[in-house]
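Just below is one structure, and these are the notes that go with it.
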Amino acid sequence: MKNYACVRSKIYLLKLSFVAMTMICSSCQKSEEKGNVVVHYQKISEHYILPKGVEVNTLKQGIWIEYDSTIGFIRTSTVYKNGIVEGDFIFYNPIGNGRIIQKGQCHIGKYNGLFECFNDNGTLSLKGHYLNNKRLGKWYEYDKNGKLTKVELWDKGYLVK
């Protein structure tokens, strides 16, 4: 049952990303006369080509998705604005089990906001906040069973306690 839900989740994410990219393209087509809009795709196999992302005037825009080149699992999902990472990013387990291994937020290409890492089994392993690429506030570490093992206090990228 878990595998079925995981597959349905991936299919939903693919459909959602395609719809988002289509919307970006259609909104950009109006300004196509002024600039260059390119939709990038990634060939997974002879039969599958998946949308990767959109460039407007050579700058990445919107959601960009990187896939495993052999089986098509999503490896990363990153949001760009004018060629700079802006918004949420997600890294998935490279062995293709669909689990998130890292997620966070960026603003103007820097880590800003909540940042989380996960073990191979899907449990939280690290959690904290960044401000301009520097750790800030309390950071929590967990063992492979999700039990809190360590709390650190950070200020502007320096470990306080």
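Bear in mind that the values in this text are calculations on the coordinates, not laboratory data. A quick note: this is a predicted structure, and the numbers were derived from the prediction, not measured. Quick reminder, even Gly has a Cβ in these numbers, built from the backbone with ideal geometry, and neighbours come from all protein chains shown.
Of the listed pairs K103/K138; K81/K110; K81/K138; K110/K144; K43/K110; K60/K134, which have alpha-carbon separations greater than 23 Å here? Mind showing how you got there, number by number?
Numbers: K103/K138 17 Å; K81/K110 13 Å; K81/K138 29 Å; K110/K144 28 Å; K43/K110 30 Å; K60/K134 25 Å.
In this structure, K81/K138; K110/K144; K43/K110; K60/K134 exceed 23 Å between Cα atoms.
Explain nothing, just compute: Karplus ³J(HN,Hα) = 6.51 cos²θ - 1.76 cosθ + 1.60, θ = phi - 60°, for every residue of segment 147-161 in order, whole Hz, x for Gly and Pro.
7, 4, 10, 7, 10, 10, 10, 10, 9, 6, x, 10, 6, 9, 7
How much length is gained if the chain between S69 and N82 is pulled fully straight, taking 0.36 nm per residue apart and subtracting their Cα-Cα distance, in nm to one decimal? Spell out each step's value before the answer.
On the way: separation 13, 0.36 × 13 = 4.68 nm, distance 2.61 nm.
Taking 0.36 nm per residue and subtracting the Cα distance, the gain is 2.1 nm.
Using R₀ = 41 Å, calculate the FRET efficiency as 1/(1 + (r/R₀)^6) where r is the Cβ-Cβ separation of K144 and Q42; round to 0.05. Mind dumping the intermediate values first?
Working: r = 33 Å, r/R0 = 0.79.
Efficiency, from the Cβ-Cβ distance: 0.80.
Around N57, which amide H atoms from residues at least 5 apart in sequence, or from another chain, sit under 5 Å from its own amide H, with H modelled in the peptide plane?
N36, V37, V38
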